[in-house]
Amino acid sequence: MSTKIIEADLSSVPVTTEDPPPPYKIETSSPDNPGFCEYAFRERQANSVPGGGMIGRQYFSPCKSCSFLCGNEIPASYKRNWPEWVDPSVNFRWESHVASTEPMLGGLHGELLGCWICWEYDQNWVKPMVPQDWYEHMRHHFKVDGYRICKGKKGAMQRRRNCGARHCPKIHS
Ligand SMILES: [Zn+2]
Ligand SMILES: [Zn+2]
Ligand SMILES: [Zn+2]
């Protein structure tokens, strides 16, 4: 009887920033690219090794493989009713792009984005999304699922190669 009461109490506790984020499972996943642009896939791997990854301004020029141009505007709906909203960073957005053969398919910039979180944590390839839908998807990951970004000294999402923690379970670019 008493255990039932404890279970009921636990289930009603909301997710807080003190709760550990979901465990990271990339070490057990396959190195195959599920559908990201080849350069985006490569960039995500490069950002995990010392000295790897592009320099900041390269994220704002067209992808040399698919001509993708990364936007930097965050939809207002992403931040709605969420004062402590987190910025997934332009680097992470760039790494998430999917090559689109139809320029207008992804909207203004032809931008289509896949989800690294679903892929790295659950080995689940979600259908690529236009930015508006991608941010809605990210909002759910950060606000509801309990994922957290790993922040650097300046408070922004940092690259995995700059994270000192081994097997850090947070989200990096
Ligand atoms: Zn590309
Ligand atoms: Zn996802
Ligand atoms: Zn980290």
Pairs needed: first member in the stretch 56-71, small (Gly, Ala, Ser); second member anywhere, within 16 Å of ligand 2 (Cβ to nearest atom); C-beta distance under 7 Å; at least 6 residues apart or different chains. Gly71/Pro131
With the structure loaded, tell me whether Val86 is touching a helix residue (DSSP H, G or I) at 6+ places or on another chain (Cβ under 9 Å), modelled with pLDDT of 85 or more, within 16 Å of ligand 2 (Cβ to nearest atom) and assigned to a loop (DSSP other than H, G, I, E, B) or whether it fails that test. yes
Residue under question is Pro31, and the condition is that it be under 20 Å from Asp122 (Cα atoms), over 17 Å from the mean Cα position of the chain (by Cα) and of a type outside the set (D, E, K, R); does it hold? yes
Could you grab the pairs with beta carbons closer than 7 Å, sequence gap of 6+ or different chains, first residue in the stretch 90-101 and modelled with pLDDT of 95 or more, second one aliphatic (A, V, I, L, M) and part of a helix (DSSP H, G or I)? Trp94/Ala40; Glu95/Ala40; Ser96/Ala40; His97/Ala40
Looking across the stretch 126-142 at residues that are surrounded by 15 or more Cβ atoms within 10 Å (Cβ to Cβ) and part of a loop (DSSP other than H, G, I, E, B), the single one that is farthest from ligand 2 (Cβ to nearest atom) is Val130
Let me spell it out: the conditions are (1) over 22 Å from Gln45 (Cα atoms); (2) in a helix (DSSP H, G or I); (3) within 16 Å of ligand 3 (Cβ to nearest atom), and Tyr78 meets all of them except one. Which number is the exception? (3)
Among (1) surrounded by fewer than 16 Cβ atoms within 10 Å (Cβ to Cβ); (2) outside any loop (DSSP other than H, G, I, E, B) - the single one Phe41 does not satisfy: (1)
In the stretch 56-75, the residues that are assigned to a loop (DSSP other than H, G, I, E, B), at pLDDT below 95 and out of contact with any strand residue (DSSP E or B) (no Cβ under 8 Å at 6 or more places or on another chain): Ser61, Pro62, Lys64, Ser65, Ser67, Leu69, Gly71, Asn72, Glu73
Quick check on my filter: what residues within the stretch 151-173 are buried (at least 20 other Cβ atoms within 10 Å of the Cβ) and in a loop (DSSP other than H, G, I, E, B)? Gln158, Arg159, His172, Ser173
Can you tell me which condition Ala99 does not meet? The list is (1) more than 16 Å from ligand 2 (Cβ to nearest atom); (2) over 23 Å from Asn47 (Cβ atoms), and all the others hold. (2)
Of everything in the stretch 137-159 that's over 12 Å from the mean Cα position of the chain (by Cα) and of a type in the set (D, E, K, R), which residue is nearest to Ala40 (Cα to Cα)? Lys151
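The values are calculated or read from the model by the stated rules, or taken from the named source; none is laboratory data. Only a predicted model underlies this, so the values are computations on that prediction, with no experimental measurement involved. We place every Cβ from the backbone using ideal geometry, glycine too, and count neighbours over all the protein chains shown.
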